[in-house]
Amino acid sequence: MGGTRRGFLKAAMTTAGAAATGVIHAQGPVRDLGHEHQAAPSDFALRVKSLESLLVDKGLVDRAALDALIDTMEHKVGPRNGGRVVARAWIDPGYKKRLLENAPVAIAELGYTSGQGEHMVVVENGPKVHNLVVCTLCSCYPWPVLGLPPVWYKSAPYRSRAVIDPRGILREFGMSLSNDVEIRVWDSTAELRYLVLPERPPGTDAMTEEQLASLVTRDAMIGVAKVTVPPVGGTP
Amino acid sequence: MNGVHDMGGQHGMGPVEYEKDEPVFHAPWEGRVYALTRAMRAWRKWNLDTDRHGIEILPPADYLRMSYYERWFVRLVAQVVQYGLVSKEEMESGRPDPASPKATPAFTLATSSRWFTRGIPSSDEPTVRPLFKVGQRVRAKNINPSGHTRLPRYARGRTGVIVRDHGVYTFPDTNAHFQGEKRQHVYSVRFAARELWGADASSRDSVYLDLWDDYIERT
């Protein structure tokens, strides 16, 4: 309905105008502070729909291509890719060497070549070194190997404190590092994208590459967790 | 710009809110905003640095209140009007101007593989000489540009050591404002936590930032 579309986009324009001028108070949807991941009010979904319809009607975007973009992010890239990179590095010292020296080329060997991973750096954890990745300015993240970042990674609490209080951040994630462990925080201020190569957990010598890859979590590759082996017969 | 987006070192933002088994998108509209943003960038009316700046200029209270993809949506509405892809009247009515010819999408399934793989250009550019070298002590300049910059406030005026030369990249401070790519070297610079945060910080810890030639100076 034309009237509906008009109303929703006009509201968006008001917010956009505020963004452009910084003067008008925005009329975005009301939400609880600190609950960034909660669903926005339904009228926001309608505003997005209105914009998409307008851009489609003008021939500026193609719906099938939009669907493909979403499908790629939901199903084709994600931490499973990163897990395979890590597992390969654990079992193949030659691969690990290439990965640490020239990450984009080594990652491309496994077929992961999409955008936001053109310039990758892999940093290795060890008994006395722990790496932590953040983007204090926005949300930079290695898409081809980790997918899109989780909300907490993009949010103020993590971005503000990862650089000034990494030990406090790690404690919130349940990791207490002893004082003799050196913490290296990587603030992704340029086009370099960082992936943490976690330590291989003990007791995994008999595991296949695939089994190892399944142990590697997104959080471990950001540096807010260690890789662990789930106890046999543990909770499903 | 010294905006609210430059969050490194700020206090009072609360605990990290962790969501178990988080979906890629929390609602279908988030995915649509993501896809629309990427597809519209293919028109090349703006660049990645313009995009980042488009979020930074949100009024601080709105920036903090909005969710990530709400910010993206508001930016996209502003951009398509500002860069002339949609007229203000069309945005207000929600209908195309009948007098304007229908375009052919820049981002289609046929061209998508190119857009998926082509992004940041190669950093291998031997004709651009580095101004600094690995091992050198450098100071992050004390600059406060009102436009886009990728030099966070918490590092300005602080001294660190170059640990790696990443090669040549487009300079965001000019590129965001269409004032040229100003290609130059970017280095990984290690700053001791105590240099950044004072004596209470751990003597072992450090923060690494990727800094362009124009952000640093000799000590």
_Can you find a residue that is at the interface with another protein chain (Cβ under 7 Å from one of its Cβ atoms), on the phi > 0 side of the Ramachandran plot and in a loop (DSSP other than H, G, I, E, B) anywhere in the range A:139-151?_
yes
_Of everything in the range B:131-177, what is hydroxyl-bearing (Ser, Thr, Tyr), within 27 Å of residue B:121 (Cα to Cα) and in contact with a Lys or Arg (Cβ under 8 Å, 6 or more places away or on another chain)? Give them in sequence order._
B:169, B:170, B:174
*asked:* For the range B:66-82, which positions are polar (S, T, N, Q) and buried (at least 19 other Cβ atoms within 10 Å of the Cβ)?
replied: B:67, B:79
*Quick check: is even one residue across the range A:190-202 over 22 Å from the mean Cα position of the chain (by Cα) and assigned by TED's automatic domain parsing to the domain that holds residue A:82?*
yes
*asked:* Which numbered condition in (1) under 11 Å from residue A:134 (Cβ atoms); (2) more than 7 Å from chain B (Cβ to nearest Cβ) is the only one that residue A:159 fails?
replied: (2)
_Matching residues in the range B:38-72 - criterion: being under 16 Å from the mean Cα position of the chain (by Cα), at the interface with another protein chain (Cβ under 7 Å from one of its Cβ atoms) and among the hydrophobic types (A, V, I, L, M, F, W, C)_ = B:55, B:57, B:58
*In this structure, does residue B:6 turn out to be outside the structural domain of residue B:86 (by TED's automatic domain parsing), among the charged types (D, E, K, R) and over 18 Å from the mean Cα position of the chain (by Cα)?*
no
_Positions within the range B:83-112 being at pLDDT 95 or above, under 14 Å from residue B:41 (Cβ atoms) and either surrounded by 19 or more Cβ atoms within 10 Å (Cβ to Cβ) or more than 7 Å from chain A (Cβ to nearest Cβ) (or both), in sequence order_ = B:83
*Conditions (1) within 17 Å of the chain's Cα centre (by Cα); (2) within 24 Å of residue B:9 (Cβ to Cβ): number failed by residue A:144*: (2)
*Looking at B:49, B:6, which is the one that is touching a residue at least 40 places away in the same chain (Cβ under 8 Å), under 20 Å from residue A:136 (Cβ atoms) and in contact with a Lys or Arg (Cβ under 7 Å, 6 or more places away or on another chain)?*
B:6
*So which helices (runs of 4 or more DSSP H) stay within the range B:23-65 end to end and still have 3 or more residues that are surrounded by 19 or more Cβ atoms within 10 Å (Cβ to Cβ) and of a type in the set (A, V, I, L, M)?*
B:28-41
*Are any residues in the range B:17-37 within 7 Å of chain A (Cβ to nearest Cβ) and among the charged types (D, E, K, R), and if so, which ones?*
B:17, B:19, B:22, B:32
*asked:* Among the residues that make up the range A:107-122, is at least one of them within 15 Å of the chain's Cα centre (by Cα), in a helix (DSSP H, G or I), over 30 Å from residue B:102 (Cα atoms) and not acidic (Asp, Glu)?
replied: no
*Checking residue A:106 against (1) in contact with a helix residue (DSSP H, G or I) (Cβ under 6 Å, 6 or more places away or on another chain); (2) under 30 Å from residue B:63 (Cβ atoms), the condition it does not meet*: (2)
*Provide a single number: the residues in the range A:170-187 that are within 7 Å of chain B (Cβ to nearest Cβ) and in contact (Cβ under 8 Å) with a residue 24 or more places away in the chain.*
6
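The values are calculated or read from the model by the stated rules, or taken from the named source; none is laboratory data. Just so we're clear, the structure is a prediction, and the values are computed from it rather than from any experiment. No Cβ is skipped: glycine too gets one built from the backbone with ideal geometry, and neighbour counts run over all protein chains shown.
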